[in-house]
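Working notes, structure below.
The values are calculated or read from the model by the stated rules, or taken from the named source; none is laboratory data. These numbers come from a predicted model, not from an experiment. As a convention, Cβ positions derive from the backbone with ideal geometry for all residues, glycine included, and neighbour counts pool all protein chains shown.
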Amino acid sequence: MPESPSSPLDQWIAAADRALRTLAASAAASRPSPAAGIGEEEPLGVDEAREAVALMRVNHVGEVCAQALYDAQALAARSPELKAMFEQAAREEADHLAWTEERIRELGGRTSVLNPLWYGGAFAIGLAAARIGDRASLGFMAETERQVEQHLQGHLERLPESDVASRAIVAQMKDDEVRHADAATALGGAELPLPVRMAMRLAARVMTRTARYL
Ligand SMILES: [Fe+2]
Ligand SMILES: [Fe+2]
């Protein structure tokens, strides 16, 4: 039997390392930020900047959760193909993490102080979903991405019109999340029962309402 590339202990150590990187270090993007091509902007008013920071902090928390979910799902995936797919998804989400973090800094804001809590909670949920089985794990990914897409659409309606940079980032993220949802469904993701989908919406609402302020 071929030897597995790394032991479970190695995989857990690597997961802990990625958690620390997500929480403690500035994320590195593999694609340029969609805001990078935008020239000099008109400075935002105080209220506009405050609203933009609050919304982008919520989006940054969402991406911290995405790192935790996909890392946990990769760790517990049964098939090597699926493990590789979750690892790739986490890499793409790292762009979103970096872009939102950079934008919050540009606007003079800060990321959520509760990020370790969000990360831990999302990791536990991702692990639970993955332990049910690969189809459930993929279904959970598809539903998560669809809910995030709807949430980002809501933010495009609420972000100040003049905050062209944040809007460009959120629009690109939304396109990426649609692609992630379609990929998970195409790979055989099962549709989740309604109570589970509703529980996910409720958990997301608690997270988004809190992250606006903390
Ligand atoms: Fe994302
Ligand atoms: Fe995504």
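Could you go through the range 144-158 and let me know if any residue there is within 16 Å of ligand 1 (Cβ to nearest atom), of a type in the set (Ser, Thr, Tyr) and within 25 Å of ASP47 (Cα to Cα). There is no residue in the range 144-158 that is within 16 Å of ligand 1 (Cβ to nearest atom), of a type in the set (Ser, Thr, Tyr) and within 25 Å of ASP47 (Cα to Cα). Considering the range 142-162, and only residues there that are within 11 Å of ligand 2 (Cβ to nearest atom) and closer than 17 Å to ARG212 by Cβ, the residue that is modelled with the lowest pLDDT turns out to be VAL148. For the range 60-84, the set of residues classified as within 15 Å of ligand 1 (Cβ to nearest atom) and either farther than 18 Å from ALA171 by Cα or β-branched (Val, Ile, Thr) (or both) consists of VAL61, VAL64, CYS65, GLN67, ALA68, LEU69, TYR70, ASP71, GLN73, listed by residue number.
Restricted to the range 31-59, and to residues that are away from ligand 1 (no atom under 16 Å from the Cβ) and charged (D, E, K, R), which residue is surrounded by the fewest Cβ atoms within 10 Å (Cβ to Cβ)? Once the filter is applied, the top-ranked residue is GLU40.
Among the residues here, SER30 qualifies as within 30 Å of ASP134 (Cβ to Cβ), at pLDDT below 90, within 16 Å of ligand 2 (Cβ to nearest atom) and of a type outside the set (Lys, Arg). For beta carbons closer than 6 Å, sequence separation of 6+ or different chains, a first residue in the range 161-185 that is closer than 17 Å to ILE104 by Cα and among the β-branched types (Val, Ile, Thr) and a second that is part of a helix (DSSP H, G or I) and within 15 Å of ligand 1 (Cβ to nearest atom), the qualifying pairs are ILE169/TRP99; ILE169/ARG103; VAL170/LEU152; VAL170/HIS155; VAL170/LEU156.
Note on the range 169-205: among residues that are among the small types (Gly, Ala, Ser) and either under 17 Å from the mean Cα position of the chain (by Cα) or within 11 Å of ligand 2 (Cβ to nearest atom) (or both), the one that is farthest from ILE125 (Cα to Cα) is ALA171.
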